[in-house]
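Step one of this worksheet: look at the structure below.
The values are calculated or read from the model by the stated rules, or taken from the named source; none is laboratory data. Being a predicted model, the structure only gives us computed values, none of them experimental. Reconstructed Cβ throughout: ideal geometry from the backbone, glycine too, with neighbour counts over all protein chains shown.
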Amino acid sequence: MIEVAGVAAVAGARGSRPLAIAIGNFDGVHLGHQALLREVSARAHAHGAIPAVLTFTPHPARLFAPDRAPPLIMSLARRLNLCAEAGIELAVVEPFTRAFAAIEADDFVRDVLARDLGARDLVVGYDFSFGRGRTGDAKRLGELGEALGIGVAVIPPVAIDGRTCSSTAIRALVCEGRTAEASALLGRPFEIEGRVARGAARGRTLGFPTANVLPEGELLPKLGIYAARAIVLDGPLAGTTRPAALSVGKNTTFTDANAVSVEAYLLDFDGDLYESRLRLQLGQRLRDEQKFASIDALVTQIAADVDRVRDLWS
């Protein structure tokens, strides 16, 4: 299980083992991030250090340009869970405040990374920047690391089919409904996680009862119908996995409201999921959301969607 602490707590409780630290926001923990985590784990093993990540909350853009801040691909808890699965033992989660952002680049390395955290090795991406005004870069980090006796590894871009793996690229693909391409950059299916809440119960009256999921992440795909796999994460049915027909939309046949809902119909399933958490792994986008002229037309289309999901996951 991963340990989570801030810089001050780690500085006050640090033992004799040094840290090997990968630094970044790790939103999505995509294939590029995974390359950092593999490298930091290898260096920790080689040097008897603790494999760690240093990350920040909120995203720096929330502080300086909140109107332009990107929607996060996943919650902080999910990011840390994936880091733990990659072998990380300690997550240093530092509040990103104006005071922290004002630390000069050289001081950040000397005071935070070397003195407070006792870094033995540092692993960053090729586009890493740090310090006040983002004046520090990977080259400067290498120079400071050499002077302080800290090993520095800079991981080059990771590309899939000519596209660089980045959180920005993944967000753009998801927003276009190109979830299969986003999944290729993530190294796993794009997912929506959240707790099942009571909804309008329209699906049950139509013969297709759906789980109304309250997303924990901020990024939702382009509105439409998707093939998905649903995994129950907790509660009495934890571990249950089913193919699902997933609607991300505004229920335009029934309402003119602008609120977006996430509703999953689990195939061949009969059970109570209220208050359980679901992970929805998105596959192919099937179609746009539509407004139907009649309930019968809607039911016919849902049945066709379910048949396509069954074929895709069979």
field: Residues located in the range 132-142, provided they are closer than 15 Å to G24 by Cβ and surrounded by 15 or more Cβ atoms within 10 Å (Cβ to Cβ)
entry: G136, D137, A138, L141
- prompt: Do we have any residue at all in the range 248-261 that's surrounded by fewer than 14 Cβ atoms within 10 Å (Cβ to Cβ), more than 19 Å from the chain's Cα centre (by Cα), free of Cβ contacts under 8 Å to residues at least 12 places away in the same chain and within 21 Å of R78 (Cα to Cα)?
  reply: no
- prompt: Would you say G28 is surrounded by 21 or more Cβ atoms within 10 Å (Cβ to Cβ), of a type in the set (G, A, S), at pLDDT 90 or above and in a loop (DSSP other than H, G, I, E, B)?
  reply: yes
The range 15-66, residues that are polar (S, T, N, Q) and without any contact (Cβ under 8 Å) to a residue 12 or more places away in the chain: S16
- request: Test R120 against the stated conditions and say whether it is buried (at least 18 other Cβ atoms within 10 Å of the Cβ) and either out of contact with any helix residue (DSSP H, G or I) (no Cβ under 9 Å at 6 or more places or on another chain) or part of a helix (DSSP H, G or I) (or both).
  value: no
message: I'm trying to understand the selection: among the residues of the range 150-186, which are under 18 Å from the mean Cα position of the chain (by Cα) and of a type in the set (D, E)?
response: E176, E181
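Listed here are the residues, each with its yes/no results for (1) touching a Lys or Arg at 6+ places or on another chain (Cβ under 7 Å); (2) part of a strand (DSSP E or B); (3) of a type outside the set (G, A, S); (4) surrounded by fewer than 18 Cβ atoms within 10 Å (Cβ to Cβ).
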site	(1), (2), (3), (4)
L220	no, no, yes, yes
Y226	yes, yes, yes, no
P236	no, no, yes, yes
E263	no, yes, yes, no
Y274	yes, no, yes, yes
A293	no, no, no, yes
message: For the range 193-218: of the residues being assigned to a strand (DSSP E or B) and free of Cβ contacts under 8 Å to residues at least 60 places away in the same chain, which is surrounded by the fewest Cβ atoms within 10 Å (Cβ to Cβ)?
response: L214
query: Which residues, counting only those in the range 82-106, are surrounded by 15 or more Cβ atoms within 10 Å (Cβ to Cβ) and assigned to a helix (DSSP H, G or I)?
result: L82, C83, A84, F100, A101, A105, D106
message: Is it the case, given these coordinates, that G145 is assigned by TED's automatic domain parsing to the domain that holds V53 and surrounded by 15 or more Cβ atoms within 10 Å (Cβ to Cβ)?
response: yes
